[in-house]
1. Can you name the number of the only condition in (1) touching a residue at least 40 places away in the same chain (Cβ under 8 Å); (2) in a loop (DSSP other than H, G, I, E, B) that Ala57 fails?
2. Please note which helices (runs of 4 or more DSSP H) are completely contained in the stretch 325-370 and include at least 3 residues that are crowded, with 21+ Cβ neighbours inside 10 Å.
3. Under the condition of being surrounded by fewer than 20 Cβ atoms within 10 Å (Cβ to Cβ) and hydrophobic (A, V, I, L, M, F, W, C), which residue from the stretch 244-278 is modelled with the highest pLDDT?
4. Could you give me the residue pairs with C-beta distances under 8 Å whose first residue belongs to the stretch 697-710 and is within 10 Å of Leu786 (Cα to Cα), whose second residue is of a type in the set (D, E, K, R) wherever it lies, and which are 6+ apart or on separate chains?
5. Do we have Arg498 as surrounded by fewer than 20 Cβ atoms within 10 Å (Cβ to Cβ), at negative phi and more than 37 Å from the chain's Cα centre (by Cα) here?
6. Of the residues Ala670, Ala676, Ala651, which is farther than 30 Å from Arg448 by Cα and part of a loop (DSSP other than H, G, I, E, B)?
7. Take Val475 and tell me if it is crowded, with 20+ Cβ neighbours inside 10 Å and within 23 Å of Val669 (Cβ to Cβ).
8. Take Ile412 and decide whether it is assigned to a helix (DSSP H, G or I), at pLDDT 80 or above, farther than 17 Å from Asn240 by Cα and among the β-branched types (Val, Ile, Thr).
Amino acid sequence: MSRVYPFDEAATARAVIDDEGTLVEWNEGARRLLGHPADTVLGRPAARLLAGEDSPAPPTGPRWQGTVGLRHRDGRTVPVWLLAHRRPPRDGHGGSWLVVTPLTGAHPPAGDDPLAAADLTQSPCAVAVYDAELRLRRMNDAMADVIGLPEERLRGLRLAEIGGRPQSDELEQGMLQVLATGSPLDMQTSVRTGGEDVARAWLARMAPVRDERGRVRGVCLAAHDITDNYRARQRLQLVNEASVRIGSTLDVTRTAQELADVCVPALADFVTIDLLDPQEYGGEPPARLTAPVTLRRAAHRSVLDDVPEAVLRPGETEEYPAGSPQADSLTARHTIIASVPADETESWLTWHTVRGECVRRFGIHASMAVPVQARGLTLGVAVFTRHRRADPFAADDRLLAEEITTRAAVCIDNARRYSRERETALALQRSLLPRTLPRTAALEASSRYLPAARAGVGGDWFDVIPLSGMRVAMVVGDVVGHGVEASATMGRLRTAVRTLADIDLAPDELLTHLNDLVVRLSDESGVDGSPGEVGATCLYAVYDPVSRRCTLARAGHPPPVVLRPGEAPHALDLAAGPPLGLGGLPFESTEVDLPEGTVLALYTDGLVWARERDPDTSRELLHEALRAYAGSLDETCDRVLHTLLPPGGAADDVALLLARTQGLPAAQVATWGIPADPALVAPIRKQVVEQLDTWGLSEAAFTAELVVSELVTNAIRYGSHPIRLRLIHDATTLICEVSDASHTAPHLRRAKTFDEGGRGLLLVAQLTQRWGSRHIPEGKTIWAELPLYEEDR
């Protein structure tokens, strides 16, 4: 709808004077009043229009009014009442003064004027009537009190000239709409009136004024002060906003920052959140506090960029003495409001000169310290200050700050408890995981473990276990669930795997025993006789550097990815097997050849299960990351995590184990077939000594000769044919293995005084570093490890 502007610009004398005192605007009304054309006065000092030597004192507030003598073009002096409004800077330019005086409306309207018929004087509401040119014709005493000027001074001025603020322009646009459409209109605004320092909220109700023929002759404006209702709605809106924005995460620092963000600028110009340092009090906030109090800055926020008011930065601590708002509020356990002009913080600011300088520099005049309390514990203090807003903190501000801080305190306490539980679970998890991976001749390994970003630690684990015969076991597992309970279950399963690995069970047999353990744990964790929900997946692999073959079995776990030299990465085709704890189906082992230099990647499903992509895409990304392998397992681990995990962390915890296989040269292995004749043990011992001389291990020959003699003799006497002797050595260990076709395992026992036998294995146990036996498809193998010292090599 196009608007017709009915204004007669010549009905008001209007001029604009910039901060330098130069006239920058001069309308037709001003020319009519003083006779000076615009081109003769614009760009010249406004003071030249003053008659006489005495000039009014420079205005100091946002508005000025008074009568001055102005010089007419013909030389005479014209006494004029002026109304001046201070205009704020716009578009980077300086401020200015709008100066107006009415030229019409000096006399009240005639009695038959419909505008005069409006009954204004008895209305308790502030009412004003404007004519068809939107110039003031009448207003009652209530409106005069609101404006702060009498009717006779303002009659003939437009609303924009009376108010002199952008809000007045908006209201005048609404009055134009009423004048054009003849329909009433309600508008809300916030403006300072009558020289007040604090803006108040107003509801402006505008209605057309009609004559006896129904023609619109003007607009009646009624102003209602709705400041209390407006502020109540603002407080309710702020509380609702706080309930939504505060506590979005279980992070103490983030929650404290959300509290500060909500309160600026709605409640304060500068907010600081300082929390008690748990380490100072043994991990738990004390029930009572005494000054001085040590606090750590958790968050702050300001209406100014870069928070220049802050003395501390987040993470820094400071000791607050008695007399400071922080310490006094915490020790008293209630809110303390202080005013700088009233010298209520003088001792504190005098003691802390840096803060005193900030108060003077930014004009901070009011502060409010609110303790952060939840569940009977004091967690810290929130300090609200004002320097841009002129009004001090009132009782309603105190109630609002306490309401929001109380809500935030519960969230901070929840985050604090969660963080403590998470740290406990992490400590337990890391204590149960291997701190370093063993260095073996069979493979080189590197690993990573990352807890879930949101759910916390879980039951993912990995391990590298040296076995007999230079072999090594690799295991990766994942317990269902998160938290301390999952970590504890993981620790029990990892211990069980190590125990079962020590007796050299095949991978499928080991998973069968581990499944039985998970079933028992489920039964133990049940309630009222019902089974619990303990479950896990696991992948177990054994690599032999002599044969360069690897035997693997998995229980519902993702298959490993293998990168053979010169080939592309691919997942090994293994029988899946049921997850541990379900039972039903057996586990199957698969044996594959792994040439020296092959990289094997074992991982948990948290690595490939991401919300933003499907698992197949994640596996392709894993293959691409492994394809870029250039010799460093550590760098490849980092590349894999960086490629597959989102910046904010994975939704589930992640365990990754990379292993590069190493083959044992044939020259480091010697094998003999043993005849079933005890008389031939001596030649076998001689051949062993000669082999050790060839390897340069003559210093270990005596012990090795005794061990070989006992093991071979024991196999001939109690075992079954065929019998085989194998010697294996690397830089630190010499291994003697004797295999036979019997499945009967030997037992170490202590021989009595008059026993003729039974001392062989006891002698082997005393002469070697480790010994044991393992079952093989053809029977069993008894092995013993002898340490090689520097002089042996």
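The values are calculated or read from the model by the stated rules, or taken from the named source; none is laboratory data. Worth saying up front: this structure is predicted, and the values here are computed from it rather than measured. Cβ sites come from the backbone with ideal geometry, for glycine too, and all protein chains shown count toward neighbours.
1. Here Ala57 clears every test but (1).
2. Filter on the stretch 325-370 gives 325-332.
3. Ranking the qualifying residues of the stretch 244-278, first place goes to Val264.
4. The qualifying pairs are Ala700/Asp792.
5. yes
6. Testing whether each residue is farther than 30 Å from Arg448 by Cα and part of a loop (DSSP other than H, G, I, E, B) leaves just Ala676.
7. The answer is no for Val475.
8. It is true that Ile412 is assigned to a helix (DSSP H, G or I), at pLDDT 80 or above, farther than 17 Å from Asn240 by Cα and among the β-branched types (Val, Ile, Thr).
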